[in-house]
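Report on the following structure.
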Amino acid sequence: MPAVLTAVLGLTLTALAPAAQASPAAPAPPTVAAAFTAAAEEYDVPRDLLVAVGYGESRLDGHDGQPSQARGYGVMHLVDNPRQQTLREASRLTGLPAATLRHDTAANIRGGAAVLRARADAAGLTGAERDRPAAWYEAVARYGGSPDDRAARFYADGVYDILVQGVTARAEDGSAVTVRPTAVEPDRGDYADAAPLVAAPDYPSALWVPASTSNYKVGRTSAITAVVVHVTQGSYAGTISWIQNPTSQVSAHYVVRSSDGQVTQMVREKDTAWHAKSGNPYSVGIEHEGWVDQPSWFTDAMYRSSAALTRSIADRYNIPKDRAHIVGHVEVPGNDHTDPGPHWDWNRYMQLVGGSTTAPPQLTFSSYATLRNGSTGAQVSAAQWLLEAQGHDVGQVDGQFGSGTAAAVRAFQTAKGLSADSTVGPKTWTALLSAGARPALKQGSTGEAVQRVQRALTAALGRTVAADGIFGSGTAQAVRDYQSTRGLDPDSEVGPLTWGALQAGR
């Protein structure tokens, strides 16, 4: 064939050939609402029951694959901790990798449905029984993972309460997920004989579900002087289950539910819960159901219920109702948590508690400058706040050292027997920073009183003493140095004489 004809035929055939087809676009992932329907059909789980379990666990938010405090993942809270392995179980039942179950919401819902169906099979549910949500009670109770029958019943009752109340929610993808309110009388089966939860010993309005004895310390080494506000990073029931898990090594005195403000006590107030590191010996810890980045968890019912609890604790232990003594986890020295986070409404909470809404300014500095009329800045605000706390009116805590602050300083100095020169120097700083209760302190002590001593020693000695609230070897040395230079017995302990010297500005 001539070369020209070959070329022409090649061009003709090329022109007649169909154009290359573009790769089809990947199908859009199913909505959360559709994922519930599909998973319910695949595993023969009542769709509304599946939604109720997921809503109770996560408010239908997978949190981008981030784990809860109990190491549970996704909308269905598939758990991967030493005692509960529903994530691995879901992977085995669905054939999906654990990483997919953690991060893909539709897969996570499918995994939750598979685990729930496995619990139903273990309970011996027939096909006809699986059609009745009431018959799934035992399966739901076991899905919660608690080995305590009372706590398992508590979990299942919460799910069935959601069925009765119904759900109208927007899932993380914006899809609407609804469950019509349905009156369901659950068949409790083996859990019918589980004793109902009893009133808590320290706060009778609460329920009592004891923590694992591996997760707290009996007794205290310090007086109770503070309340610490936490957010669970997980569900109410999941947090209770996690605190009952002996491997968790964490606890709190109380847990508060989002939907209705229900309170569960888990550790006696006389004992030391493990919730805030350095703050454990001197504080009562209150966990609040929810996530720090989702303000919808912080309901009116939760605020009111928690505030009533905090008010009761403050009244019983004579804790000042102010932001120096009612603090967030993030504010406790030596902690790396951020809760309760930026969405917690401290003004509203403190108003409900019945205390001051004003948070203290910065009080810890590496050194304390001499302040006088005309001074400005953060240390002036600190001095003003401390003067106000001692009942001396400065007018306004504004960081401006004016005539009102000068008059308050002079009144404080007169009351302490110091030279009334209206200047905040080392002696006045020492007296101001140490003012307050005088508990006996020694190496191993922790808390707000230790911080006061550390700040006062920084002012008195003219060198930085780390104000971390932990009475370690450095603080012991600083106390000994102070005592030696003030004619006190250098025993490295802060007893009545050392407190008296500090609060007199010596």
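The values are calculated or read from the model by the stated rules, or taken from the named source; none is laboratory data. Just so you know, these numbers come straight off a predicted model, no measurement behind them. Note that each Cβ is placed from the backbone with ideal geometry, even for glycine, and that neighbours are counted across all protein chains shown.
What to note about this one:
- Residue identified as more than 24 Å from Val453 (Cβ to Cβ) and surrounded by 15 or more Cβ atoms within 10 Å (Cβ to Cβ) among Ala389, Ala382, Ala359, Ala406: Ala406
- Residues that are in the same structural domain as Pro342 (by TED's automatic domain parsing), of a type in the set (Val, Ile, Thr) and not in a loop (DSSP other than H, G, I, E, B) do occur in the stretch 250-261, at least one of them.
- Taken over the stretch 156-193, residues that are assigned to a loop (DSSP other than H, G, I, E, B) and of a type in the set (Lys, Arg) amount to 2.
- The set of residues in the stretch 472-506 being among the polar types (S, T, N, Q), buried (at least 18 other Cβ atoms within 10 Å of the Cβ) and part of a helix (DSSP H, G or I) consists of Thr475, Gln483, Thr498, Gln503.
- The set of residues from the stretch 338-395 being among the basic types (Lys, Arg) and either in a helix (DSSP H, G or I) or in contact (Cβ under 8 Å) with a residue 60 or more places away in the chain (or both) comprises just one member, Arg348.
- Hey, Val465 out of contact with any His (no Cβ under 8 Å at 6 or more places or on another chain), part of a loop (DSSP other than H, G, I, E, B), within 29 Å of Ala276 (Cα to Cα) and hydrophobic (A, V, I, L, M, F, W, C) or not: yes
- Qualifying residue in the stretch 87-97 (condition: closer than 24 Å to Thr178 by Cβ, part of a loop (DSSP other than H, G, I, E, B) and out of contact with any strand residue (DSSP E or B) (no Cβ under 8 Å at 6 or more places or on another chain)): no
- Residue count, the stretch 464-502 (criterion: within 30 Å of Val228 (Cα to Cα) and either basic (Lys, Arg) or out of contact with any Lys or Arg (no Cβ under 6 Å at 6 or more places or on another chain) (or both)): 21
- Qualifying residues in the stretch 1-59 (those that are among the polar types (S, T, N, Q) and modelled with pLDDT of 50 or more) - the one surrounded by the most Cβ atoms within 10 Å (Cβ to Cβ): Ser58
- Complete set of residues in the stretch 194-249 that are of a type in the set (Phe, Trp, Tyr) and not in a helix (DSSP H, G or I): Tyr203, Trp208, Tyr216
- Subset of the stretch 42-71 [outside any helix (DSSP H, G or I) and either within 28 Å of Asp131 (Cα to Cα) or in contact with a Cys (Cβ under 7 Å, 6 or more places away or on another chain) (or both)]: Asp44, Val45, Pro46, Arg59, Leu60, Asp61, Gly62
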